[in-house]
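The values are calculated or read from the model by the stated rules, or taken from the named source; none is laboratory data. Here the structure is a predicted model, which is why all the values come from computation and not from measurement. Heads up, the Cβs are rebuilt from the backbone with ideal geometry, glycines too, and the neighbour counts pull from every protein chain shown.
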Amino acid sequence: MEMRAPALKDRIKRLRRTYLEKLPETVNRIRALLVRLRTAPDEESIRDDLYRLFHNIKGSAASFGLDELSQGAAAGENVIRAWRETSPHARDATLNALEGCVTGLEMLSFRLHTDTPDLLNSFESPPFEIAPPGCGCDDGNVCYRVYICDDEEEQAQQLATQIACFGYVVRVYPDPESLREAVIREAPNAIIMDIMFPGKGIDGTTQIDTIKRIREPAPAIIFLSARRDFDARLKSVLAGGKAYFKKPVSVTELVETLDNLTARYQPEPFRVLIIDDEPEVATFHSLILEQAGMQTRLLYQPDKVLETLAEYNPDLVLMDMYMPECSGRDLSQLIRQVPDFIGLPIVFLSSETDKITQVSALRVGAEGFLTKPIQPEDLISAVALRAERMRILRSLMTRDSLTGLFNHTACSQFLESLLSTARRERRPLCLAMIDVDHFKKVNDTYGHPVGDQVLVALSRILRQRLRNSDVVGRYGGEEFAVILPDSTLDQATQVVDQLRQDFARIHFNAGDQEFTCTFSGGVAGFPDYETGATIREAADRMLYAAKRQGRNRIIQTREAV
């Protein structure tokens, strides 16, 4: 859900109020530790706790715009840091310096606590504006509209039929006038327009200015033409065209362009796990990241880290360096000992400015070190950069390089995981195995690059027409697997059969030649088959039965074979 700027500022102000209300308690803990330090000056744990509290106040106060408080805590932190180098006979002076720091914090705490209403009214959260990505969802599905404007109506209708197979809502208009009226009524995501209308003496490029005045921002414009010359292409660019296709159009290339121009595939938000023992500071950074469209999970207890990582599967961990019972360094080493999390990016967010300490923290496996207070834009870019790199690495390990679908290994893992959920929740699940008919003949006749186009086209139909909860993978060669949770055998068969019919309508081009392809499929499911191995075996049997019965058909396990 989008968080408006006023709502964000109000939430940050509430966090600041809570922080100020808790501040006297924190300062009292520092006073109690100082009393203990006077009686046990060699107790290292007391010094560590004092250092951590001073350090936390320095960073959190700066994040909330309390600069004087941050500087006072920094002074105490510096005194504690120098303690180890202080000779025993000079400790009285060091203790007196600490006394001065603590007394200063107590006075500041009292004043800040007393002036809280005025402070809140004068406080402005760090200025930044980053709009989270909109989903454009309607009933859980995204509706992408494409208008085609071409006076060759028969060809336009054929093109519309094929584009519709990829999940677009397509409408055809024979002239720019009817297109303009349609745009006024309802804006499309993209317009595909012929560059010339010879019968009417109309230049398609000159009509775009009118479209732009009707809708702001204007839909993405793609021009079609029988011309290949430079002048025609230049006119399309000057008119604001985002792409130019020579007739006859390659549908797979056109759909790929549409997907890119309409942002058809909205990436999942980055998932960030924030580990910090200070709830207000953790929430503050969480709000900043969520404002940029990311998802966050807060963790205040480090002992829950492994189970949280396994359940949440974050793209990045953002953690404080100094926490009670378990430091960030120790926690980072602990995470790195688990094979599943060896490559997980870990970034420290701390007010620590000592370069030697920062470098030593990176040596335990952290990806980066960010210093509090940090500007929102800097935090967002640092997190996004590392999280995106993690996504790419994961994709390389789990995705097929040609189609972008999950590979064989990933599909098998998803099947076992989803089957476990279906078994536990007593819900149906189906697996469809799909194979392109006569694919070897396609490669032998038209060449492997054209065969790759067929596979990419089928992968796009599967990705775009199925639900987000369905898992689609390339099982190997021309064979694909589709896992459909919460689908009965009849429902899954009906869905896959409709995809089969639509795929058969797509026309592929190989030079001057045009051809179509079909696929066959077999469907099996839980609870008829209870394990991943038996479901795969049954779906494969049905697939080969469909091949034997003439191809271009879908067979399920309950049909007589």
Of (1) of a type outside the set (A, V, I, L, M, F, W, C); (2) modelled with pLDDT under 80; (3) in contact with a His (Cβ under 7 Å, 6 or more places away or on another chain), GLU77 satisfies all except one. Which?
(2)
Looking at segment 341-455, what helices (runs of 4 or more DSSP H) fall wholly within it and have at least 1 residues that are over 28 Å from the mean Cα position of the chain (by Cα), touching a residue at least 12 places away in the same chain (Cβ under 8 Å) and under 30 Å from TYR544 (Cβ atoms)?
408-425, 439-446
Against the definition (surrounded by fewer than 16 Cβ atoms within 10 Å (Cβ to Cβ), within 20 Å of SER332 (Cα to Cα) and free of Cβ contacts under 8 Å to residues at least 24 places away in the same chain), how does GLU311 come out, yes or no?
yes
Inspect segment 69-79 for any residue being assigned to a helix (DSSP H, G or I), within 29 Å of ARG91 (Cβ to Cβ), out of contact with any helix residue (DSSP H, G or I) (no Cβ under 9 Å at 6 or more places or on another chain) and not basic (Lys, Arg) and give the result as yes or no.
no
Of all residues in segment 170-195 being part of a helix (DSSP H, G or I) and not aliphatic (A, V, I, L, M), which is farthest from ASP151 (Cα to Cα)?
ARG185
Among the residues of segment 537-553, is any of a type outside the set (S, T, N, Q), more than 19 Å from VAL436 (Cβ to Cβ), out of contact with any helix residue (DSSP H, G or I) (no Cβ under 7 Å at 6 or more places or on another chain) and buried (at least 16 other Cβ atoms within 10 Å of the Cβ)?
yes
Within segment 57-94, which residues are crowded, with 17+ Cβ neighbours inside 10 Å, within 14 Å of LEU37 (Cβ to Cβ) and touching a residue at least 40 places away in the same chain (Cβ under 8 Å)?
GLY76
Considering each of GLY59, GLY65 in turn, give the residue that is at positive phi and not hydrophobic (A, V, I, L, M, F, W, C).
GLY65
Being among the acidic types (Asp, Glu) and in a helix (DSSP H, G or I) is the filter; apply it to segment 461-500 and report the residue that is nearest to LEU396 (Cα to Cα).
ASP497
Somewhere in segment 143-163, is a residue at pLDDT below 80 and assigned to a loop (DSSP other than H, G, I, E, B)?
yes
Condition met for VAL495 (within 28 Å of LEU254 (Cβ to Cβ), touching a Lys or Arg at 6+ places or on another chain (Cβ under 7 Å) and of a type outside the set (D, E, K, R)):
no
When only residues in segment 484-512 that are in contact with a helix residue (DSSP H, G or I) (Cβ under 7 Å, 6 or more places away or on another chain) and over 20 Å from GLN413 (Cα atoms) count, which is modelled with the lowest pLDDT?
ALA510
Taking segment 501-559, which residues are among the small types (Gly, Ala, Ser) and outside any helix (DSSP H, G or I)?
ALA504, ALA510, GLY511, SER520, GLY521, GLY522, ALA524, GLY525, GLY550
Boolean, ARG215 is within 35 Å of the chain's Cα centre (by Cα), of a type in the set (D, E, K, R) and modelled with pLDDT under 85:
yes
Does ILE184 satisfy the criteria of being closer than 18 Å to PRO219 by Cα, in contact (Cβ under 8 Å) with a residue 12 or more places away in the chain and surrounded by 17 or more Cβ atoms within 10 Å (Cβ to Cβ)?
no
Sort out which residues of segment 241-290 are in the same structural domain as GLN157 (by TED's automatic domain parsing), small (Gly, Ala, Ser) and at pLDDT 85 or above, and write them in order of number.
GLY241, ALA243
I need a count of the residues in segment 22-45 that are surrounded by fewer than 16 Cβ atoms within 10 Å (Cβ to Cβ) and part of a loop (DSSP other than H, G, I, E, B).
3
Consider ARG336 carefully, then state whether it is under 19 Å from ARG389 (Cα atoms) and in the same structural domain as GLU367 (by TED's automatic domain parsing).
yes
